Amino acid sequence: MVYQLTTRDINSLLNRFNPKEKAYSKKEIVKTSKKYENKLCLVLEGMVYLCVENDNFEINILGYYGRGEFITHSMLPDDKQGVSYFIAKKAAKIAYFDTDDLIKYMMSDKEHMEKLMGVITHQLEKKLFSHCLVLQQKTIRNKLIYYFKGEQSKQNSDLIKMPMPYSDLAEYLGVDRSAMMKELTKMKKEGLISEDKHIIQLNFE
C-alpha cells in the first residue's frame, strides 16, 4: 500500500473537487476549529505542526505534516489535556475538502477508494501511533533510530532530508536538545549516520 499522494493524485483531487484553499504565513494558526469538523485538510505547501500547550505554557510537538498529507479537527487532543492547535512552521497552503464529498467519490471508484483510504488511515492514525512508539523508547539513541527508520520508510531512501530543525526534533522526541545533539555526535563517530547540510545518511539496518 502506498501511503503518500503523488503530485498527480493531488492535482486530480483539486481538479475534481475545487476545494477552498487558504494560505498561511509562518507561525500562523491553521484553522481546524469545530467550524471545520467536516473538513479534511490537505497540506499543499509548507510544513504544519500539531502542537499542544500545557498549563505551564510548555509546547510539545505531536506531529508534523508536509505536502500531500492530511490533517483534521478530530486529530486535536481533548481540551483537558492542554490547548492544542495546528500551526504553520513555514508559510503553508491548505486545501479544505468536504468529508462527505470525498466519501461519495471513494464509494464510486473502488481503485481510488482503496488508495485514498489507505493514505488517509495511515496519515491520520498510524502516523500518530508511530510517534507513540518513538516516545516509548527508553534511550535517546533508540528514539533517534526509530525516528530515522520512520523517515527512511516515508521517504523511501537511506538518504533522509530532515523535515524539521533539531530544536523541533528534540521537542518531538521529548528529550533535551543538548543531550540529543551529543547522542547524534556519538552516532556519527561510530559510523551509524553521516550528515551533509541536514541530509542524513543511514548506515544501519
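The values are calculated or read from the model by the stated rules, or taken from the named source; none is laboratory data. Being a predicted model, the structure only gives us computed values, none of them experimental. Every residue, glycine among them, receives a Cβ derived from its backbone with ideal geometry; neighbour counts consider all protein chains shown. Each accessible area value is taken on the protein alone, full model and side chains, heavy atoms only, with ligands, DNA and RNA left out. Shrake-Rupley method; radii C 1.70, N 1.55, O 1.52, S 1.80 Å.
Here are some notes:
- Dipole orientation for the chain: of the candidates N11, L124, S84, N11 has the Cα lying most toward the positive pole (charges on Cβ; Lys, Arg +1; Asp, Glu -1).
- Computed over region 62-103, Kirkwood Rh from alpha-carbon pairs, angstrom: 12.3
- Amide hydrogen neighbours beyond the local backbone of M47, cut-off 5 Å, H modeled: K89, K90
- Compactness of the chain - radius of gyration and Dmax, Cα, Å: 17.8, 54
- Only protein atoms count toward the accessible area here, which uses a 1.4 Å probe; on the chain, the carbon and sulfur part of that area reaches 50 percent.
- Against the chain, whose longest principal axis comes from its Cα atoms, helix 7-17 is set at around 30 degrees.
- Out-of-range pairs (alpha-carbon distance over 26 Å; input K89/K189; K31/K104; K126/K149; K90/K126; K22/K143): K89/K189; K22/K143
- Solvent-accessible area per residue, Å², over the chain with all protein chains present [probe radius 1.4 Å]: 58
- Evaluated with a Cβ-only charge set (Lys, Arg +1; Asp, Glu -1), the chain carries a dipole of roughly 360 debye about its Cα centre, given to the nearest 20.
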